[in-house]
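The block underneath contains the structure these notes are about, expressed in structure tokens.
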Amino acid sequence: MLKCTKASTFEDEDKNEIITIINEEIGRFNKTLERGLKILEKMDKPTGKQVFDLYQSYGFPKELTEELLREKGFDFDRKQFDLEFEKHRNLSRTSSAGMFKGGLADHSEQTIKYHTATHLLHQALFDIIGNSVRQEGSHITAERLRFDFTSPTKPTEKMIEKVEQIINKKIKNEIPVSYKIIPKGEALKLGAKSFFREKYPDMVKVYFVGDYSKEFCGGPHVRNTKEIGHIDIYKFEKIGSNLYRIYAK
Ligand SMILES: [Zn+2]
């Protein structure tokens, strides 16, 4: 009976926390929407570039902008928007190549698959070992992925097996992978994992594996976890004080 009461109390606490988080998100979104709307309203006939700036600065979705403009009886230069979008994407690709190397040896299909798998591995380690896990680095080739992390306690073989099971479950679940370019503070608030040694710019790219994993990363990644295929952790070793290394392929 006591157990029951405790459990339901915990559940209520969880529920409340979830509701608070959702409400905060909604509030943030509404604020952005308001700000964007005000700017949009001031524009008489926005150019594709202006719509893109709105999109970039306020995360104002293109579809929504289009709809609002249509309501006002306006249209914008879609080609120019797409051009700006492409320019921006290339720019963030170039800068990310310098800033978030991510230990990728090349950008072959297999390397991209393995790199995406490291996001699952990273989160799965948190799930099993706990929040004290810190990524130390990764090195990925078309042959295998290597992932280094610190942990105050040595993970058991059983724990590593569980980590492998989680990764493969997430792959099987066919989770979509997406990204957002958002202010660094916002990304940290979201709980996105960052690489603590890295110095990040004000705007960061955060990759989401569904709602399972959030990580500061430049990419590239597969679009859906199903593309990764089976992951086998074939080696786990201690390489230093509190420092561990995982090999998988
Ligand atoms: Zn990544």
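Summary table below
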read-out: For peptides 220-227, 170-177, 126-133, 20-27, sequence by mean Cβ density within 10 Å, most packed first; value: 220-227, 170-177, 126-133, 20-27
read-out: Relative counts (whole %) of C-alpha pair distances in the range 194-249, using bins that are 10 Å wide; value: 17, 34, 39, 10
read-out: Cβ-based net charge around Glu237, under 11 Å, with every Lys or Arg adding one and every Asp or Glu removing one; value: +4
read-out: Exceeding the 22 Å Cα-Cα cut-off - candidates Lys113/Lys172; Lys172/Lys214; Lys49/Lys199; value: Lys49/Lys199
read-out: Order by protection proxy (mean Cβ within 10 Å, highest first), peptides 232-239, 114-121; value: 114-121, 232-239
read-out: Rg and Dmax [Cα atoms of the range 116-186; Å; Rg one decimal, Dmax integer]; value: 13.5, 39
read-out: Farthest toward positive dipole pole in the range 101-249 [+1 Lys/Arg, -1 Asp/Glu at C-beta], among His230, Tyr200, Thr141; value: Tyr200
read-out: Counted charge near Thr150, where neighbours are those whose Cβ lies closer than 10 Å (Asp, Glu -1; Lys, Arg +1); value: -1
read-out: The range 109-248: C-alpha gyration tensor shape, a/c 1.5 cut-off, then a/b vs b/c; value: oblate
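FYI, it's all coordinate maths here, none of it is from the lab. No experiment lies behind these values; they were computed from the predicted model shown. Glycine gets a Cβ as well: all are built from the backbone with ideal geometry, and neighbour counts include every protein chain shown.
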